[in-house]
């Protein structure tokens with residue numbers, strides 16, 4: 001990635017060496033400065049006009065990192081030239097995204113790339129003027145727009161909570177409890193628990209990347225699009241979790257969303273007659289199977305982020321639960337909320353749960369909620385946090 005200031009400074013952010021076409025495009029005009037890939041760039045962008053973003057050539061495109069960088073560009077008022085793999089599908093969510101960037105293949109000729117960088121630089125003053133006009137209009141708006149916005153967010157939060165289960169069903173020995181703490185009024189997290197028939201119960205936790213209204217809107221789409229059963233004449237078929245996630249992934253991709261939204265999910269089904277559980281995972285933290293006196297078992301599975309590439313496959317896995325065990329399914333923010341590091345393997349959450357395993361699931365959730373609220377009050381920073389506790393009975 002490259003960032004150029006009014007003095008024509010260019011910041012190259014990538015783990016790889018600068019490709020020859022980029023080196024030729026910037027030679028002689030830009031003052032080049034290096035920066036590591038996947039690091040925050042906002043403090044550079046506020047002093048810059050142009051960002052040239054080039055993901056590392058090795059490995060698969062890390063959509064999540066690139067999306068975070070583009071979000072920083074949007075907030076800064078800078079303009080970006082984004083070098084994408086030439087074979088990136090046209091319906092990929094990055095290619096569909098709209099914002100303050102010019103998308104171009106990474107192997108574009110040097111002369112053409114130089115022209116695109118210059119065009120991006122020329123757009124920057126217009127964007128700054130538009131931002132100034134918006135701020136002027138806001139200052140002239142009658143009434144108190146912040147109060148109106150606050151009330152609308154309250155209503156949105158109430159509506160989103162209406163889509164959450166109002167009570168958690170019990171079937172056979174299986175009981176549930178939940179913890180749901182949005183980072184702000186609305187959340188990018190969603191969970192649900194539902195009977196599939198007399199012997200099977202399904203449950204999931206989903207996490208849309210990002211916060212606020214855009215993420216909250218996609219959680220509602222996830223809930224309404226999840227395909228859990230197929231009607232076959234006078235009968236039905238319970239859809240295995242791996243197939244459910246594949247169908248959901250294709251549904252999100254089909255929407256052609258332009259805001260680069262994607263999500264993760266962990267979905268399980270329990271047969272209460274024998275406590276056999278099937279599950280599938282799409283880019284989500286592994287669930288924790290907690291057994292008193294034993295180290296937690298992480299229920300992983302191969303599966304990518306949902307909504308990035310259509311036609312993806314997901315690994316279906318199965319395990320036998322035992323009485324006395326508890327399953328903890330959680331969103332990425334829950335690990336950070338109890339003192340861990342977001343994106344890690346749930347070690348902090350597992351440690352927080354170990355001393356609570358003798359409690360009923362509802363009391364266990366209340367203890368975790370108190371711990372999270374205490375940390376948030378002290379720290380002030382937070383992400384959406386959701387935990388679903390599944391008790392296999394005694």
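FYI, it's all coordinate maths here, none of it is from the lab. All figures in this text were calculated on a predicted structure; none of them were measured in a lab. Glycine gets a Cβ as well: all are built from the backbone with ideal geometry, and neighbour counts include every protein chain shown.
With only alpha-carbon atoms in the gyration tensor, what are the semi-axes of the equivalent ellipsoid for segment 143-259, in Å, largest first? Don't skip to the end; give the middle numbers.
Working: eigenvalues 185, 71, 26 Å².
Three semi-axes, in Å: 30, 19, 11.
For a footprinting-style exposure proxy, rank 364, 18 by other Cβ within 10 Å, fewest first. Don't skip to the answer; put the middle values down first.
Details: 364 24, 18 17.
Listed from fewest to most nearby Cβ atoms, that is 18, 364.
Determine the shape class of segment 268-394: with a ≥ b ≥ c the square roots of the Cα gyration tensor eigenvalues, call it rounded for a/c under 1.5, and otherwise prolate if a/b is greater than b/c, oblate otherwise. If you can, show how the numbers build up before the last one.
Numbers: a/c = 2.24, a/b = 1.12, b/c = 2.00.
Oblate shape, in that a/c is at least 1.5 and b/c is the bigger or equal ratio.
Project the alpha carbons of segment 172-220 onto their principal axes and report the range along each, largest first, in whole Å.
Reported extents, whole Å, longest axis first: 37, 18, 13.
Which angle from 0 to 90°, rounded to the nearest 10, does the C-alpha axis of helix 110-140 make with the longest principal axis of the chain?
Orientation of helix 110-140: about 70 degrees from the principal axis.
List 277, 190, 153 from most exposed to least, where exposure is judged by having the fewest other Cβ atoms within 10 Å. Could you put the intermediate results ahead of the total?
On the way: 277 24, 190 28, 153 16.
Ranking 277, 190, 153 by Cβ neighbours within 10 Å, fewest first, gives 153, 277, 190.
Using helices alone, what [θ] at 222 nm do you get for the chain, with -39,500 (n - 2.57) per DSSP H run of 4 or more residues, divided over all residues and rounded to the nearest 500? Spell out each step's value before the answer.
Details: 11 runs with 139 residues, N = 394.
Using -39500 (n - 2.57) per qualifying helix, the result is -11000 deg cm²/dmol.
Translational diffusion coefficient, Stokes-Einstein: compute it for the chain using the Kirkwood radius over C-alpha pairs as Rh, at 20 °C and 1.002 mPa s, and state it as an integer in µm² s⁻¹. Don't jump to the answer; show the numbers that get you there.
Numbers: Rh = 23.1 Å.
Taking Rh from Cα pairs, D becomes 93 µm²/s.
Compute the acute angle (0 to 90°) between the alpha-carbon long axis of helix 361-379 and the principal axis of greatest extent of the alpha-carbon atoms of the chain; round to the nearest 10°.
30 degrees
Gain in length, residue 127 to residue 255, computed as 0.36 nm per residue apart minus the alpha-carbon separation, to one decimal in nm? Could the numbers behind the result be given before it?
Details: separation 128, 0.36 × 128 = 46.08 nm, distance 2.83 nm.
43.3 nm is the gain from fully extending residue 127 to residue 255.
Between residue 156 and residue 223, what is the label-to-label distance in nm when each label sits 7 Å out along the Cα-to-Cβ direction?
So the two model labels end up 1.5 nm from each other.
Checking the a/c ratio against 1.5 first, then a/b against b/c, what shape does the Cα gyration tensor give for segment 156-391? Before the final figure, lay out each step's value.
Working: a/c = 1.56, a/b = 1.07, b/c = 1.46.
The shape class here is oblate.
Could you work out how far helix 212-225 tilts from the main Cα principal axis of the chain, as a 0 to 90 degree angle to the nearest 10?
50 degrees
So how do 217-229, 325-337 stack up, highest first, on mean other-Cβ count within 10 Å?
On the way: 217-229: 17.4, 325-337: 26.3.
With the highest mean Cβ count within 10 Å placed first, the list reads 325-337, 217-229.
Quickly work out the residue 371-to-residue 184 label distance, labels modelled 7 Å from Cα along the C-beta direction, and quote it in nm with one decimal.
2.8 nm
Would you mind calculating the relative contact order of segment 156-391 from Cα pairs under 8 angstrom and at least 6 residues apart, reporting the percent as a whole number? Walk me through the intermediate numbers first.
Values: 527 pairs, mean separation 54.5, N = 236.
Result for segment 156-391 is 23 percent.
Taking a label point 7 Å from the Cα of residue 351 along the Cα→Cβ vector, which residues of segment 319-338 have an amide N closer than 14 Å to it?
335-338, by backbone N distance to the label point.
Simple spin-label model, 7 Å along Cα-to-Cβ: residue 379 to residue 35 in nm?
My value for the distance between the label points is 2.5 nm.
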